[in-house]
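Just below is one structure, and these are the notes that go with it.
The values are calculated or read from the model by the stated rules, or taken from the named source; none is laboratory data. As the structure is a prediction and not an experimental result, all values here were calculated from the model. Counting neighbours? That spans all protein chains shown, and the Cβs are built from the backbone with ideal geometry, glycine included.
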Amino acid sequence: MMPALLLFTVALAAPTGPLHCPDDMGAVAGFCMDRFEAPNEAGVNPITAARATEGEQWCSARGKRLCSEAEWVRACQGEAGRKYPYGNRYKKGVCNDDKEWRMPNWGKIAKYPAHEGKLEVERLYQADPSGSRPGCVSQDGIHDLTGNAAEWVSRSFPNRNNFAHVLKGCYWAGCYGGAPPSCAFVNPAHPGKFRTYEAGFRCCLSPAKPSEY
């Protein structure tokens, strides 16, 4: 998987009034974001081996949607425009990005969700339960944006492939190519129907009136 590093700061339009989000979501700049990676439960292992299209279906079934790349970057950088969710200096292990890499068997992964594929995904799995690392939280209270599971998002910015989805946040063994897991890092190498063992997602929601919650 070939990574790319884009250096930018994302500014989204601020809401005109107080942003009201469901209890399991955090209010960011004009949108709501799940506080944790799907299934969005503190202390529960995040979903992995998901396609972007499966993430879209999962979020839609809950009245939400897959986060966009711009939303993800804004949530990670916070209002201060941080390089990492916790600050401007990389600190290995603050997020779950310091696990040893394990060689995947892609032939077996391709058989997922059949039994052989599930066993291979389980062998490779090194995600922490969501929220396990208290320092890995953004200014807006969003956990595990870097490290842990990689996260599918809908693409907002041009890249060399321009697939509809990209992967953000790197994963438990860091970033491909050895780059630090920053808010800017993006892996644009795969279409949304591609399945890889470390990929999860989280959901977002456009603002709603208080009476809708």
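Results, tabulated for the structure shown:
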read-out	value
Residue 93 vs. criteria under 16 Å from the mean Cα position of the chain (by Cα), at positive phi and either of a type in the set (A, V, I, L, M) or in a loop (DSSP other than H, G, I, E, B) (or both)	no
Selection within region 154-173 - out of contact with any Phe, Trp or Tyr (no Cβ under 8 Å at 6 or more places or on another chain) and at positive phi	162
Condition broken by residue 20, with the remaining ones in (1) closer than 20 Å to residue 191 by Cβ; (2) of a type outside the set (S, T, N, Q); (3) modelled with pLDDT under 95 satisfied	(1)
Members of region 27-37 found to be assigned to a loop (DSSP other than H, G, I, E, B) and farther than 14 Å from residue 149 by Cβ, listed by number	28, 29, 30, 31, 35
Output for region 84-110, where each listed residue is under 20 Å from residue 49 (Cβ atoms) and basic (Lys, Arg)	99, 102, 108
Residue in region 31-44 that is crowded, with 16+ Cβ neighbours inside 10 Å and β-branched (Val, Ile, Thr) present	no
Selection from region 45-73 of residues that are out of contact with any strand residue (DSSP E or B) (no Cβ under 6 Å at 6 or more places or on another chain) and closer than 18 Å to residue 147 by Cβ	45, 49, 73
Meets criteria (touching a strand residue (DSSP E or B) at 6+ places or on another chain (Cβ under 7 Å) and either closer than 17 Å to residue 77 by Cα or of a type in the set (Ser, Thr, Tyr) (or both)) for residue 125	no
In region 28-37, the residues that are modelled with pLDDT of 95 or more and in contact with a Leu (Cβ under 7 Å, 6 or more places away or on another chain)	31, 32
Residues that are of a type in the set (S, T, N, Q) and closer than 17 Å to residue 127 by Cβ, drawn from region 27-57	40, 45, 48
Within region 152-176, considering residues that are in contact with a Leu (Cβ under 7 Å, 6 or more places away or on another chain) and either of a type in the set (Phe, Trp, Tyr) or buried (at least 23 other Cβ atoms within 10 Å of the Cβ) (or both), the one nearest to residue 69 (Cα to Cα)	153
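Rundown of residues vs (1) in a loop (DSSP other than H, G, I, E, B); (2) modelled with pLDDT under 95; (3) among the basic types (Lys, Arg), yes/no style:
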{"position": "16", "(1), (2), (3)": "yes, yes, no"}
{"position": "39", "(1), (2), (3)": "yes, no, no"}
{"position": "45", "(1), (2), (3)": "yes, no, no"}
{"position": "50", "(1), (2), (3)": "yes, no, no"}
{"position": "71", "(1), (2), (3)": "no, no, no"}
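To keep it simple, each residue is scored yes or no on (1) in contact (Cβ under 8 Å) with a residue 12 or more places away in the chain; (2) under 21 Å from residue 46 (Cα atoms).
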{"site": "87", "(1), (2)": "no, no"}
{"site": "110", "(1), (2)": "yes, yes"}
{"site": "119", "(1), (2)": "no, yes"}
{"site": "124", "(1), (2)": "yes, yes"}
{"site": "138", "(1), (2)": "yes, yes"}
{"site": "155", "(1), (2)": "yes, no"}
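Okay, residues lined up against (1) surrounded by fewer than 19 Cβ atoms within 10 Å (Cβ to Cβ); (2) β-branched (Val, Ile, Thr):
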| residue | (1), (2) |
| --- | --- |
| 89 | yes, no |
| 109 | yes, yes |
| 122 | yes, no |
| 141 | yes, no |
| 147 | no, no |
